[in-house]
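Asker: This structure is in structure tokens; I'll ask about it shortly.
The numbers here are math on the coordinates, done by the rules we state, and not lab data. Being a predicted model, the structure only gives us computed values, none of them experimental. Ideal geometry is used to build each Cβ from the backbone, glycine not excepted, and the neighbour counts take in all protein chains shown.
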Amino acid sequence: MSYKVSCVSIDLINADKPPASLAFMAGACESAEVDYQCFSLNSMLAEYTSKSQYNQLYSDVKLEQLHKSFSIIEPVILNIIDQIRKFNTELILVSVFSYMQKNLSEFFLTKIKNICPDIEILAGGPGVGATVQGKTIGKHLAEQSLLDFYCLGEGDEILVNFLKGNKQQLGLNSKTDSYESWVPQIDNLDQCSVIPSYKKIKLNEYHNLEAKNSAVFSLSTSRGCVRACSFCDIGKIWKKFRFRSGAHVVSEILKHHREVGAVHFTIVDSLINGSLKSFREFNSEMVKLKSKYSSLQDFSYNGMFIVRNRQSHPEQLFADMSAAGCDSLAIGVETGSDRLRYDMNKKFTNEDLDYHLEMCQKYKIRNFFLTFVGYATETREDFEQTLLMLERYQKYLLDDTIVGINHSGIFGLLPDTPTYDHRAEIGIEIIDDADATKINWINHNNPTLTIKERILRDLEFRKKALELRYPIPYATRYLEYLSKINPDFVPQSD
Ligand code: SF4
């Protein structure tokens with residue numbers, strides 16, 4: 001192993017589990033047989049800053065006001081750079097988690113290029129391919145000479161080939177290229193040469209939210225989605241839904257179990273049950289593996305799950321999930337209104353949701369609801385139905401069938417989503433195009449849903465959920481963020 005590589009993930013989210021992107025880059029290094037080390041900027045920030053500093057940083061990143069937090073992040077970045085230099089790094093692989101990390105990436109890469117101008121940098125990840133002001137973030141960074149190469153699309157083959165010396169590949173763009181190319185989507189994920197590795201990731205930096213007694217590891221079993229929800233940009237990121245066979249996924253679980261003692265997993269896909277055939281196979285292979293390895297008796301998994309009707313999800317599916325170790329599901333409920341959910345193209349009803357919760361109660365599978373308020377066509381009546389839904393399902397809090405609500409606040413009009421693309425037909429006018437928060441718009445066909453009204457509904461939702469004792473993680477952080485957009489948005493009383 002002569003080549004020396006430092007892998008860095010830029011991923012300001014929650015420092016609860018080792019990032020999948022870091023394990024992916026590590027796996028690519030192992031596949032190419034080069035020497036490497038790993039850093040997660042997020043986990044180091046969480047470790048070296050206080051909770052209030054971290055919350056401030058989170059808001060500043062979201063609001064594109066990173067300059068306010070330079071003094072917080074600079075020492076952490078300098079620490080990483082110091083370790084990169086001591087390692088005699090020849091190449092830095094950077095993964096950018098999302099478009100929100102653009103400024104953080106710029107800050108980090110500027111520091112690196114100033115201190116170590118001769119180290120080559122290759123960046124990838126969803127954030128690099130995201131479009132900002134008509135250009136990919138990769139292009140923005142390359143034009144500032146902050147990186148040497150960037151990969152658009154899946155990095156599996158590109159990364160390994162690059163590490164073996166091939167710098168001319170479709171999807172691999174350099175700062176001198178005038179035109180960008182994208183990696184064609186991989187059809188057979190079972191044949192990918194990169195299997196993630198956690199061997200060199202410091203696991204004690206992570207504090208999982210699932211209250212497990214050992215680290216929770218990320219696992220990717222598919223790419224893309226079988227749905228096309230109106231507010232989601234997944235269809236632009238992945239043109240086709242592709243998945244691994246259940247047996248292939250289970251062989252990766254065994255690898256991580258043998259290498260780092262992994263027992264608990266989060267499946268980081270957009271959904272774990274996109275292919276029912278593969279999902280069923282995964283559950284049945286896991287049951288077999290558990291019967292062979294007593295050390296996997298406590299195996300658990302969780303992930304995002306789409307609700308379907310009882311014909312598509314018969315009771316046996318829930319029984320098999322439970323036997324395999326399904327611990328919890330995050331389900332995109334979004335709203336309590338069937339009418340509004342139909343507008344969002346979610347393709348399930350409250351009746352399907354009732355059935356789903358009954359089954360989960362029976363087989364002891366916990367659920368996190370994913371919700372938001374203020375979708376462009378939400379009426380007061382739709383919103384009332386969301387509040388009623390909280391009352392209707394409160395009974396499921398008692399036995400942990402519902403364990404919390406990941407409430408993302410008010411609807412943001414993200415570029416590359418069906419709602420954004422059809423905004424003129426819907427009647428939406430963007431008030432401030434440069435608005436980093438994507439919340440400043442008005443629907444002329446639903447004019448009473450002003451931004452103020454949306455925020456008031458958000459607060460009303462949170463208040464009701466708290467009265468009914470639904471846990472809502474990160475509520476304080478979100479309210480701090482809202483008040484930074486405009487202090488008038490958050491009323492000072494109750
Ligand atoms: S919101 Fe979830 S289910 Fe809907 S398209 Fe996006 S990833 Fe798929």
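Asker: Calculate for the chain the 222 nm mean residue ellipticity that helices alone would give, adding -39,500 (n - 2.57) per DSSP H run of length 4 or more and normalising by residue count, nearest 500 deg cm²/dmol. Could the numbers behind the result be given before it?
Answerer: Values: 20 runs with 201 residues, N = 494.
It comes out at -12000 deg cm²/dmol, rounded to the nearest 500.
Asker: Over the chain, what is the mean sequence separation of C-alpha contacts under 8 Å (at least six apart), divided by residue count, expressed as relative contact order in percent?
Answerer: 11
Asker: Suppose R0 equals 22 Å; then what is the FRET efficiency for Asp190 and Ser295 from their Cβ-Cβ distance, rounded to the nearest 0.05?
Answerer: 0.30
Asker: How big is the Rg/Rh ratio for the chain, C-alpha atoms only, Rh by Kirkwood, two decimals? Working shown, then result.
Answerer: Working: Rg = 22.5 Å, Rh = 23.7 Å.
Radius of gyration relative to Kirkwood radius: 0.95.
Asker: Can you tell me what share of the DSSP beta bridges in the chain is antiparallel? A percent to the nearest 5 is fine.
Answerer: 20
Asker: Based on the Cα atoms of region 75-122, what semi-axes does the equivalent ellipsoid have, where each is the square root of 5 times one gyration tensor eigenvalue, given in whole Å with the largest first?
Answerer: After diagonalising the Cα gyration tensor, the semi-axes are 18, 12, 10 Å.
Asker: Based on alpha-carbon positions alone, could you give the equivalent ellipsoid semi-axes of region 88-221 from the gyration tensor, as √(5λ), descending, whole Å?
Answerer: Ellipsoid semi-axes (Å, largest first): 26, 20, 16.
Asker: When N counts the residues of region 4-186, how does its alpha-carbon radius of gyration compare numerically with 2.2 N^0.38 Å, as a ratio?
Answerer: 0.96
Asker: Ok, one more. Treating the Cα atoms of region 247-344 as identical point scatterers in vacuum, please give the log10 of the normalised Debye intensity I(q)/I(0) at q = 0.10, 0.12, 0.15 Å⁻¹, two decimals.
Answerer: One equal scatterer on each Cα of region 247-344 leads to -0.31, -0.43, -0.63.
Asker: So, one more: Jot down the radius of gyration and Dmax of region 314-359, Cα atoms only, both in angstrom.
Answerer: 12.5, 36
Asker: Using 18 Å as the Cα-Cα cut-off, could you pick out the over-long pairs in Lys68/Lys438; Lys17/Lys199; Lys362/Lys395; Lys86/Lys167?
Answerer: The answer is Lys68/Lys438; Lys86/Lys167.
Asker: log₁₀ I(q)/I(0) of region 208-489 at q = 0.09, 0.13, 0.16 Å⁻¹, via Debye over equal Cα point scatterers, no solvent, to two decimals?
Answerer: Each listed q corresponds, in turn, to -0.46, -0.94, -1.32.
Asker: In 10 Å bins starting at zero, report the fraction of Cα pairs in region 74-158 per bin as a rounded %.
Answerer: 18, 52, 27, 2
Asker: In Å, what Rg and Dmax follow from the Cα atoms of region 145-254?
Answerer: 17.0, 50
Asker: Okay, next question. As an exercise, identify the chymotrypsin sites (Phe, Trp or Tyr not before Pro) in region 153-230 lying in DSSP coil whose Cβ has no more than 13 other Cβ atoms within 10 Å.
Answerer: On the way: sites: Phe162, Tyr179, Trp182, Tyr198, Tyr206, Phe217; in loops: Tyr179, Trp182, Tyr198, Tyr206.
When the chymotrypsin sites (Phe, Trp or Tyr not before Pro) of region 153-230 are filtered for loop state and at most 13 Cβ neighbours within 10 Å, Tyr179 remain.
Asker: Set Lys and Arg Cβ to +1 and Asp and Glu Cβ to -1, take the dipole of the chain about its Cα centre, and tell me which of Leu147, Tyr99, Leu45 lies farthest positive.
Answerer: Farthest towards the positive pole: Leu45.
Asker: Regarding region 294-418, what are the three Cα extents along the principal axes, ordered largest first, in Å?
Answerer: Extents along the principal axes, in whole Å: 51, 32, 27.
Asker: Now for a different question. State whether region 289-340 is rounded, prolate or oblate according to the following rule on the C-alpha gyration tensor (a ≥ b ≥ c being the square roots of its eigenvalues): a/c under 1.5 gives rounded; otherwise a/b larger than b/c gives prolate, and the remaining case gives oblate.
Answerer: oblate
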